[in-house]
Amino acid sequence: MRSQPRVGVLAIQGDFEAHARALRRVGAEALLVRRAKELDGLDALILPGGESTTISKGMQRLGLYEPLRSFAESGRPVLGTCAGAILMAARVENHGVPSLALLDVTAVRNAYGTQVDSFVATVDPGAAPGLEGLRCVFIRAPQLRDPGPAVEVLARVDGAPVLVRQGNRFAATFHPELTEDPRVHALLLGEGDTAGPAPR
Ligand code: GLN
């Protein structure tokens, strides 16, 4: 990847501005994406958290399903967080939404129930090297179930996968853009091993 990677953030709805700020913190150039043409020349892409039904309607209206799929198929890294993770899943349960089917997992929307709107938790011991102690912010979060054989679970909370990878595709059920810890964004840029420990 070039020295200042150009990373797109899908900017239909949700907390894309927070992702743009997090990307700048890891030295990337952040570009907001609302049209297929804006995917040209990007090195990586983020699908942010928000409301997956709303984002999917925008994706349909803007004709983005095929361009986003081809972007992922080109091998460039894609990270979906929370609603973005739902949109990447092959299967969506609990109010299905048309997804991009980029990851062999089942996303269960609002899996922690309506009683638990949001919470912060530390990843279980045994997370992938470099991700130990990661603090995760969950907001009406989904769960990712039934990961297929090609899916690597990089981190879990209470036994449930919260960060997964299938080749160039990453999905987090939490919001890495809402903490100061740069490790998930760095991972997307292929710098995961050098990102160092989380700042306190
Ligand atoms: N519950 C939301 C959905 O199903 C996702 C929440 C989020 O992105 N913080 O779309």
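Bear in mind these aren't lab numbers, they're just calculated from the coordinates by the rules spelled out. Because the structure is a prediction, the values reported are computed rather than measured. All Cβ positions, glycine included, derive from the backbone under ideal geometry; neighbour counts span all protein chains shown.
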How large is Rg/Rh for region 1-92, to two decimals, with Cα atoms and a Kirkwood Rh?
0.93
If I model a spin label at Thr54 and Asn110 as a point 7 Å from the Cα along the Cα→Cβ vector, what separation in nanometres do I get?
1.4 nm
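Based on DSSP H assignment, which helices of the chain show an axial Cα extent of at least 30 Å together with a mean Kyte-Doolittle hydropathy greater than or equal to 0.5? Intermediate results must be reported in sequence, preceding the final value.
On the way: long enough: none.
Qualifying helices, which must be both long enough and hydrophobic enough, do not occur.
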Binning at 5 Å from 0, report for the chain what percent of all alpha-carbon pair distances ends up in each bin.
1, 8, 18, 23, 23, 16, 8, 2, 0
Which one of Gly50, Gly148, Gly84 has the biggest mean-square fluctuation once the chain is modelled by GNM with Cα springs under 10 Å?
Gly148
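Which of rounded, prolate, oblate describes region 67-166, given a ≥ b ≥ c as roots of the alpha-carbon gyration tensor eigenvalues and a/c under 1.5 marking rounded, otherwise prolate only if a/b is larger than b/c? Spell out each step's value before the answer.
On the way: a/c = 1.88, a/b = 1.20, b/c = 1.57.
Oblate, because a/c is 1.5 or more while a/b does not exceed b/c.
Please list, by residue number, every one of the GluC sites (Glu not before Pro) in region 76-185 that is coil in DSSP and has at most 12 other beta-carbon atoms within 10 Å. Walk me through the numbers on the way to the answer.
Working: sites: Glu93, Glu132, Glu152, Glu177, Glu180; in loops: Glu132, Glu180.
Hits after loop and neighbour filter: Glu180.
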Within the under-15-Å Cβ sphere about Gln60, not counting Gln60, Lys/Arg +1 and Asp/Glu -1 give a net charge of +3
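By the gyration tensor of its Cα atoms, with a ≥ b ≥ c the square roots of the eigenvalues, what is the shape of region 1-41: rounded for a/c under 1.5, prolate for a/b over b/c, or oblate? If you can, show how the numbers build up before the last one.
Values: a/c = 4.08, a/b = 1.17, b/c = 3.50.
Judged from the Cα gyration tensor, region 1-41 comes out oblate (a/c at least 1.5, b/c at or above a/b).
Cα convex hull of region 62-121: mean projected area in nm², to one decimal?
On the way: hull surface 20.6 nm².
Across all orientations, region 62-121 yields a mean hull projection of 5.1 nm².
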For Glu180 and Ala36, FRET efficiency with R0 = 41 Å and r from the beta-carbon atoms, rounded to 0.05?
0.80
